[in-house]
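Q: Dropping the structure in here first, questions after.
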Amino acid sequence: DAPGGERFVFLLLGYGGGRHEGGFLTDSMVVVIVDPAKRTLALLSIPRDAWIPMSFDGKTTFYNKANTAYAFGRDPSLYPNRLAKYAGDHGAGVFAADTISRLLGVPIRYYLALDFSGFRQMIDAVGGVDIEVPRAFAARYPANDDPTVDSTWTVVRFAVGQQHMGGERAIQFARAREALDDSGEGSDFARSRRQRLI
């Protein structure tokens, strides 16, 4: 809770983890503005492929895709002359939050980083989520998070309307992007919208 119920901002980062290809790339990034007094949230998705400025040492700037900030922070061999706050267990999250904060000009005080497993557990821990699915669609979906276990694909389908989703169904809804129809749900923007719904 923020002191005195003040508004605060955090960065929600979603990454594959494990042996998922590009395991620490944050293909899901949502800036969450929390106003405890009004009991509201405002959500802003950051496009994963946005080309943005980054700096580990506070002096030298380089550009890369937004989804690489957390991954770069997780690898201590990259940019070894980094500020102390970007090293250690929380360095990657702090680096990603600071990078997006500078980009938007909004102070981001906290971050939450979840891999696929953590996402499922979070949804299941609250008893699932109720989602109003705005558009029916079908999409190809990986049969397993780890392609070395099973590299095949399956098809997931979602109907229009109110649906209760547990962790597995919610991650399918959040991640699906290879649409098999003309629903418009195959784009990164559609996927970001579905993630905000969750």
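Q: Answer yes or no as to whether THR154 is open to solvent by 50 Å² or more (accessible area, probe 1.4 Å) and either free of Cβ contacts under 8 Å to residues at least 24 places away in the same chain or in contact with a Leu (Cβ under 6 Å, 6 or more places away or on another chain) (or both). If you could, list the steps in order and put the result at the bottom.
A: Details: open to solvent by 50 Å² or more (accessible area, probe 1.4 Å): yes; either free of Cβ contacts under 8 Å to residues at least 24 places away in the same chain or in contact with a Leu (Cβ under 6 Å, 6 or more places away or on another chain) (or both): yes.
Yes: the conditions hold for THR154.
Q: Here is a follow-up. If the Cβ limit is 7 Å and pairs must be 6+ apart or interchain, which residue in the range 107-121 that is within 11 Å of GLY14 (Cα to Cα) pairs with which residue that is charged (D, E, K, R) and modelled with pLDDT under 90?
A: Taking only residues 6 or more apart or on different chains, the pairs are PHE116/ASP145.
Q: Let me ask another. Would you confirm whether any residue within the range 132-149 is among the charged types (D, E, K, R) and closer than 29 Å to PHE72 by Cβ? Walk me through it before giving the result.
A: Of the range 132-149, the ones among the charged types (D, E, K, R) are 132, 135, 140, 145-146.
From the residues that got through so far, the ones that are closer than 29 Å to PHE72 by Cβ too are 145-146.
Yes, there is a match, as at least one residue in the range 132-149 is among the charged types (D, E, K, R) and closer than 29 Å to PHE72 by Cβ.
Q: Just checking, does the range 159-177 include any residue being surrounded by fewer than 16 Cβ atoms within 10 Å (Cβ to Cβ) and either touching a residue at least 60 places away in the same chain (Cβ under 8 Å) or among the basic types (Lys, Arg) (or both)? Full working, then the answer.
A: First, pick out the residues of the range 159-177 that are surrounded by fewer than 16 Cβ atoms within 10 Å (Cβ to Cβ): 159-162, 164, 166, 168.
Imposing the further condition that a residue be either touching a residue at least 60 places away in the same chain (Cβ under 8 Å) or among the basic types (Lys, Arg) (or both) reduces the set to none.
Within the range 159-177, not a single residue is surrounded by fewer than 16 Cβ atoms within 10 Å (Cβ to Cβ) and either touching a residue at least 60 places away in the same chain (Cβ under 8 Å) or among the basic types (Lys, Arg) (or both).
Q: I need the full set of residues from the range 185-198 which are out of contact with any helix residue (DSSP H, G or I) (no Cβ under 6 Å at 6 or more places or on another chain), part of a loop (DSSP other than H, G, I, E, B) and open to solvent by 40 Å² or more (accessible area, probe 1.4 Å), in order please.
A: Narrowing the range 185-198 to residues out of contact with any helix residue (DSSP H, G or I) (no Cβ under 6 Å at 6 or more places or on another chain): 185-193, 196-197.
Applying the additional criterion that residues be part of a loop (DSSP other than H, G, I, E, B) yields 185-187.
Within the range 185-198, SER187 is the sole residue that qualifies.
Q: Within the range 15-60, take every residue that is of a type in the set (Lys, Arg) and either within 14 Å of SER101 (Cα to Cα) or more than 13 Å from the chain's Cα centre (by Cα) (or both) and give me the one that is most open to solvent (accessible area, probe 1.4 Å). Give the steps one after another, and end with the answer.
A: Filtering the range 15-60 for residues of a type in the set (Lys, Arg) gives 19, 38-39, 48, 59.
Filter again for either within 14 Å of SER101 (Cα to Cα) or more than 13 Å from the chain's Cα centre (by Cα) (or both), leaving 19, 38-39, 59.
Numbers: ARG19: 160, LYS38: 149, ARG39: 213, LYS59: 177 Å².
Among those residues, the one meeting the criterion is ARG39.
Q: Answer with yes or no whether ARG140 is surrounded by 13 or more Cβ atoms within 10 Å (Cβ to Cβ) and within 18 Å of the chain's Cα centre (by Cα).
A: On the way: surrounded by 13 or more Cβ atoms within 10 Å (Cβ to Cβ): yes; within 18 Å of the chain's Cα centre (by Cα): no.
For ARG140, the condition - surrounded by 13 or more Cβ atoms within 10 Å (Cβ to Cβ) and within 18 Å of the chain's Cα centre (by Cα) - is not met.
The values are calculated or read from the model by the stated rules, or taken from the named source; none is laboratory data. This structure is a prediction, so every number in the text was calculated from the model and none was measured. Because the Cβ atoms are built from the backbone with ideal geometry, glycine has one as well, and the counts that use them run over all protein chains shown. Note: accessible area is taken over every heavy atom of the protein model, side chains too, but ligands, DNA and RNA are not part of it. Shrake-Rupley method; radii C 1.70, N 1.55, O 1.52, S 1.80 Å.
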